[in-house]
Amino acid sequence: MQKRIKARFITASDLIIQMSHAKKEKRYDSFIKQAVMAPSLLVIDEIGYFPMSKEDAHHFFQVISKRYEKASTIVTSNLVFSQWSGIFANDKVVTTAILDRLLHHSHVINILGDSYRLKEKKEEGLVDSDLYKFQSKKSIKNS
């Protein structure tokens, strides 16, 4: 028997933009109710792709806080937790509060290596395996 659950996938930047618009249009509470709390599973992708303002960081905290122990949330990031303060306007209090709620009852999955997109291209022989490797400034100067 299949059990269907309501799920929503959104990037962190889109979530913040939508929350900001909802606040400006005085429909913040209904946005939280419909977009944040309605799904049984909320997947927030690309945490850390861009730094948030202090206000945006507080909006993000509201999402995590409201869902805490009520519904499942998956977040993806290419940053280690020690770098998350930089995402949230260097506000260590907000960062700690977010991580405290996210990490309690959680499973952290650390994936190392190439993305599936890059891996497929390498297998097809379309990209050189060294093409996407980062070079230090010293090795660039010597090239």
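Nothing in this text is a laboratory measurement; each read-out follows from the coordinates by a stated rule. Bear in mind that the values here come from a model prediction, so they are computed numbers and not experimental data. A quick note on method: Cβ atoms are made from the backbone with ideal geometry, for glycine too, and the neighbour counts reach across all protein chains shown.
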**Prompt:** Would you pick out the residues in segment 1-28 that are more than 23 Å from T95 (Cα to Cα) and acidic (D, E)?
**Reply:** E25
**Residues of segment 42-79 satisfying the condition of being assigned to a strand (DSSP E or B) and either exposed (fewer than 14 other Cβ atoms within 10 Å of the Cβ) or hydroxyl-bearing (S, T, Y) (or both)** = S72, T73, T76, S77
**Single residue of segment 1-41 satisfying the filter (outside any helix (DSSP H, G or I) and of a type in the set (G, A, S)) that is farthest from Q83 (Cα to Cα)** = A38
**Prompt:** Which of the residues belonging to segment 23-38 are touching a helix residue (DSSP H, G or I) at 6+ places or on another chain (Cβ under 9 Å) and touching a residue at least 12 places away in the same chain (Cβ under 8 Å)?
**Reply:** K23, F31, I32, A35, V36, M37
**Prompt:** Among the numbered criteria (1) in a helix (DSSP H, G or I); (2) surrounded by 13 or more Cβ atoms within 10 Å (Cβ to Cβ); (3) over 13 Å from the mean Cα position of the chain (by Cα), which single criterion is violated by S82?
**Reply:** (2)
**Candidates K70, K121, filtered to the one that is of a type in the set (K, R) and farther than 27 Å from K23 by Cβ** = K121
**Request:** Hey, can you tell me all the residues within segment 85-123 that are assigned to a loop (DSSP other than H, G, I, E, B) and within 26 Å of M37 (Cα to Cα)?
**Result:** A89, D91, H104, H105, S106, H107, V108, I109
